[in-house]
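Bear in mind these aren't lab numbers, they're just calculated from the coordinates by the rules spelled out. Bear in mind that the values here come from a model prediction, so they are computed numbers and not experimental data. For neighbour counting, all protein chains shown are included, and Cβ atoms are generated from backbone atoms with ideal geometry for every residue, glycine included.
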Amino acid sequence: MKSETLSQASGQQTQRQLLRYGGEHYSKIAGVAVILLVIVFSQISSSAYVYDADIAILAAIGAIGLNLLTGYAGLISVGNAAFLAIGAYSVVLLDKSMPFPLPIFAGAAAASIVGFAIGLPSLRLSGLYLIFSTLALQFVVAFAANQYDTSSGAIAGHFVPTAKLGPWQIASEKVWFMVLLVVLVLVSLFVWNIVRGQPGRAFAALRRNEAAASVVGVNVTMTKLSVFALSSAIIGLAGGLGAYFMQDVSNGYYSLTLTVSYVAMILIGGLASIWGSIIGAFVVTMIPFLMQAGASTFSGTLGGFAQRNLSSLETAVYGLAILVFLFFRPAGIASLAKIKRRKSSAAEAVAAVR
Amino acid sequence: MHLALQTFVGQLPTAALYALIGVGFVIVYRGTRVLNFAQGTLALLGGYLFYSIAVSAHVPFWPAVVLSVVASMLLGASIYSLMLRPLLGETAILLVMLTIALNIILGALDLILWGGATRFVNVPGAKTILHFPEGVSITALDIAVVISVAAVLTAFGVLLKWSRFGSHMRAAAENPLLATYRGINVSTLAAMTWAIATAGAGLAGVIYGATNGLAPSAGNALGFAAFPAVILGGLDSVGGALIGSVILAEIQGFAVSYLGGRYSDVVGYLVLLLVLIISPTGLFGSREIARL
């Protein structure tokens, strides 16, 4: 904030733009470097690790979708699990009648339409009402999924056949890794393009003050509805991809706990940050593995206690992590890098004025 | 006719539970502008505290009730003072996330400390079944629940309406700044609001333990089931929460009686969606809540 006022006051607009574009170049280069490194590692490391990484990338796609809504537009939804379920069940229903990627897109479209419909009553109102309508959605979808599982005799879950893209089978963890990485990059670029342009500024205005946003010409209801529909579509896409990846869809998985883990991802990683969503998704999906490893290193009563309560301890760790980040670093892990950059650009702006 | 009457009477204890939890939710929202998603888990925790005090530590029934409710009060006041007060002035979203985090931490804690088994709280004489005309029967426990909750809520209503404390509370909820000018310690009052709300929730937990049994999943079942009641009543209206609780419990009861047990939750949330579509301020909510 300070750096902005400084440079604006001095009329050094070009200087500021130069600094900003410099920053964007860095993040582009960093992005490409990270992607290349990750690809190399994925193809040489053991498939168990790659499987975990696949799960994390899937989570990252969903987390970006949620961050678009909560981080950028400042709306809270607890319907993530419901949208993931809509994506996954679309795949279950449509897989027999459509070739591979189409059921996923159909699932994304379905999630987006449901999001629009759910948002319609609540987004006319203040943002917090969305919590209630998405909570309602969660229960309605869980009920419908349960009914469907019971009526179709698939109480143990629906099997999803291996994805085939034309002649190629997408079966191994490493092939999935590449596919998921491509989707992650595409989704990231898509969201990044939205948030850095006019819609992004409208979201920011909305997040800070709805009334003020409407005064400067933001169509509050339409903006909220479209961001919610878009976010739901991305989460639905992640759900559909997840169904093909895990090859198993059952209603018990799409619980409120899953929803909370996505909230934890964006809070830990950083609100209003694409990198933050990705980092948060990796951290949160690694928590169970780390805790499993941690529990097995302790022996005796403590180790036994940890082993017995592993899933509760995991949940507690999500919760505690959210608390810690809310209190001490409300902008998440991604802000650690950002603050440094902002400080240095502020220093440079001051230097430019002098 | 028999089924309808039996359903109506049978759902009154559920309505009483929703009312205890819902009224707490409303006064916390009015007093501190926090939507408390941990309300149901706090209720369950109250029940578990009672279970430990009464069953594990062998404290007689009534002293154990008092002790567990007092413990809930202290818990509520400390949650406000330690966790929410430092975040005063933060956005509503952040505060909601805080209560969501609190909800999952407390839920995990319940599971670790008390395990996954369902724990029952035995109340002396609870199983006695009383028969009424039209073939309606109800247990003595259910009658005691409805009467005691009605008494507690009436006492709270009197306190809120006619005592100095109550008028201070309403003043602070209406306009915290003006209340401060008038010499009211708003922050102490907010802590007391949390204490009262959590005590009510804790009492609901004790009752739930006696009627349904305590299980870790009951926390969200209790809290999230009471949300539609609160929205139906209008989010910032105490009386609305009461009436909403009765209406919701009855709708759920009739859905269960005539459609089947699995419809209980989903019907509640369909009601919530309908309220949001038709009249988001609920039956008695003020206009301003739509802008929150």
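Within the stretch B:222-242, count every residue that is closer than 18 Å to B:LEU273 by Cα and part of a helix (DSSP H, G or I).
Number of matching residues: 13.
Take B:VAL59 and tell me if it is outside any helix (DSSP H, G or I) and either on the phi < 0 side of the Ramachandran plot or within 16 Å of the chain's Cα centre (by Cα) (or both).
yes
Would you mind stating whether A:ALA295 is farther than 17 Å from B:LEU113 by Cβ and under 24 Å from the mean Cα position of the chain (by Cα)?
So A:ALA295 fails the test.
Any idea how many residues of the stretch B:243-261 are surrounded by 24 or more Cβ atoms within 10 Å (Cβ to Cβ) and under 13 Å from B:VAL275 (Cα atoms)?
Counting residues in the stretch B:243-261 that are surrounded by 24 or more Cβ atoms within 10 Å (Cβ to Cβ) and under 13 Å from B:VAL275 (Cα atoms) gives 2.
Looking at the structure I just gave you, is A:SER250 within 29 Å of A:VAL175 (Cβ to Cβ), of a type outside the set (A, V, I, L, M) and surrounded by fewer than 24 Cβ atoms within 10 Å (Cβ to Cβ)?
Answer is yes for this residue.
Name the residue that is farthest from A:PHE328 (Cα to Cα), counting only residues in the stretch B:75-87 that are free of Cβ contacts under 8 Å to residues at least 40 places away in the same chain and among the hydrophobic types (A, V, I, L, M, F, W, C).
B:LEU82
Out of all the residues in the stretch A:94-120, which are touching a Pro at 6+ places or on another chain (Cβ under 8 Å) and either surrounded by 19 or more Cβ atoms within 10 Å (Cβ to Cβ) or part of a loop (DSSP other than H, G, I, E, B) (or both)?
Within the stretch A:94-120, A:ASP95 is the sole residue that qualifies.
Checking the conditions here, which among A:ALA60, A:ALA56, A:ALA85 is closer than 17 Å to A:VAL284 by Cα, of a type outside the set (S, T, N, Q), touching a residue at least 24 places away in the same chain (Cβ under 8 Å) and touching a Phe, Trp or Tyr at 6+ places or on another chain (Cβ under 6 Å)?
It is A:ALA56.
What's the number of the only condition in (1) over 21 Å from A:ALA109 (Cα atoms); (2) out of contact with any Phe, Trp or Tyr (no Cβ under 6 Å at 6 or more places or on another chain); (3) crowded, with 23+ Cβ neighbours inside 10 Å that A:TYR72 fails to meet?
(2)
Filter the stretch A:149-167 down to residues that are under 21 Å from A:THR257 (Cα atoms) and within 14 Å of chain B (Cβ to nearest Cβ) and give me whichever is nearest to the chain's Cα centre (by Cα).
A:ASP149
Only one of (1) within 14 Å of another protein chain (Cβ to nearest Cβ); (2) touching a helix residue (DSSP H, G or I) at 6+ places or on another chain (Cβ under 8 Å); (3) surrounded by fewer than 24 Cβ atoms within 10 Å (Cβ to Cβ) is not met by B:THR7, so which one is it?
(1)
Condition (residue is within 22 Å of the chain's Cα centre (by Cα), part of a helix (DSSP H, G or I) and buried (at least 19 other Cβ atoms within 10 Å of the Cβ)) applied to the stretch B:171-185: is it met by at least one residue?
yes
For the stretch B:119-143, enumerate the residues that are within 11 Å of B:ALA210 (Cα to Cα) and of a type outside the set (Asp, Glu).
Hits for the stretch B:119-143 are B:ARG119, B:PHE120, B:VAL121, B:ASN122, B:VAL123, B:PRO124, B:ALA126, B:LYS127, B:LEU141.
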